[in-house]
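Notes follow the structure.
No lab work stands behind these numbers, since they all come straight from the coordinates. On a predicted model such as this, the values are computed, not experimentally measured, just so you know. Quick reminder, even Gly has a Cβ in these numbers, built from the backbone with ideal geometry, and neighbours come from all protein chains shown.
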Amino acid sequence: MSADLETELADRFDPREGGAGARRALRGLAGVAAFVLVWAVAARFNPDYVLPGPLATGETFLTEVRSGRALDALASSVQHWLLGTVVGTTLGVGLGVLLGWSDAAEDGAAPLVRLLRPVPPLALTGFGIAWFGINHVGAAFIVAAGAFWINYYAAYGGVRSVSDDLLDVARSLGVRSDLGLIRKVVLPSASPEILTGVRTGVGRCWMLIIAAETIGVAGVGNRILTAASNLAVDVVIAYILVMSLVYLVLDTLFQAAEDRILGWRA
């Protein structure tokens, strides 16, 4: 076995790394426990309609799950979240790459980009209802608007940051067409920024389901809004917990996929 390989294996299986990971996990659990403790103490000085305790909220959470209401709401939210995220991400990345690569395209689109960028997704609620109706497509339109700008700027910035030296080397090796340069040089070089934008957009879009469901579409956000209007704070917190758990799963899976996709950079 070579010395380099021995060193690599020693670093990979160093028990101290496992110990450090365990310590971080314990510190994380301690932080969660401290938060729950503060929550429980604060709840003792407030009525349930202001701040229910952790136990009461946990019982409500289990009731919502066992009754099937939480799963039904989650399934409904996923429909327009997934559609909006895919459409907004695709359009944002595509336009970001195009405008980042082409100065002519950027010059033509710059005024429109500056005009539309400040518009929040919630302000587009009326357009979603008028154009698509009170349904999953209308809600997906609002989600897509939130995904678009995050991915657009991430892709645009990633493409703009590609080194001219890389492009010159590719041209010297025979890659002449714009499409070839984008496929073989630009996209691989900009992939970290693009994937960061996609990951951020996924989380942002999941949070946007509350805004998207203000049009009346069923889902987790709609359940939160309805419960809040009825002062059912335990139900609100229970569905916030549902959203948090789903986001934790989504972010963990995407991070694993991102590490695998970018493994060539190691």
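Tally Lys/Arg at +1 and Asp/Glu at -1 over every other residue whose Cβ is under 13 Å from the Cβ of residue 114; what's the total?
Summing Lys and Arg as +1 and Asp and Glu as -1 gives -1.
Could you line up 239, 247, 49, 152 from fewest to most neighbouring Cβ atoms inside 10 Å?
49, 247, 152, 239
Mind sorting out which of (1) 98, 37, 30; (2) 72, 62, 29; (3) 48, 42, 38 is the real Cα extents along the principal axes in Å computed from the coordinates?
Derived directly from the coordinates: (2).
Which distance in Å, rounded to a whole number, links the C-alpha centroids of the range 116-144 and the range 26-76?
31
Tell me which of 100, 205, 190 sits at the most positive position along the dipole axis of the chain, charges placed on C-beta atoms (Lys, Arg +1; Asp, Glu -1).
The listed residue farthest towards the positive side: 205.
How big is the dipole moment of the range 145-266 about its Cα centre under a simple scheme where the beta carbon of each Lys and Arg is +1, that of each Asp and Glu is -1, and everything else is neutral? Debye, nearest 20, please.
260
Based on the mean of other Cβ atoms within 10 Å per residue, sort peptides 67-77, 198-208 so the most packed one is first.
Final packing ranking: 198-208, 67-77.
On a 0 to 90° scale, report how tilted helix 3-12 is relative to the longest principal axis of the chain, with both axes built from alpha carbons and the result rounded to the nearest 10.
20
Quick check for me: using +1 on Lys/Arg Cβ and -1 on Asp/Glu Cβ, what's the dipole size of the chain about its Cα centre, in debye to the nearest 20?
400
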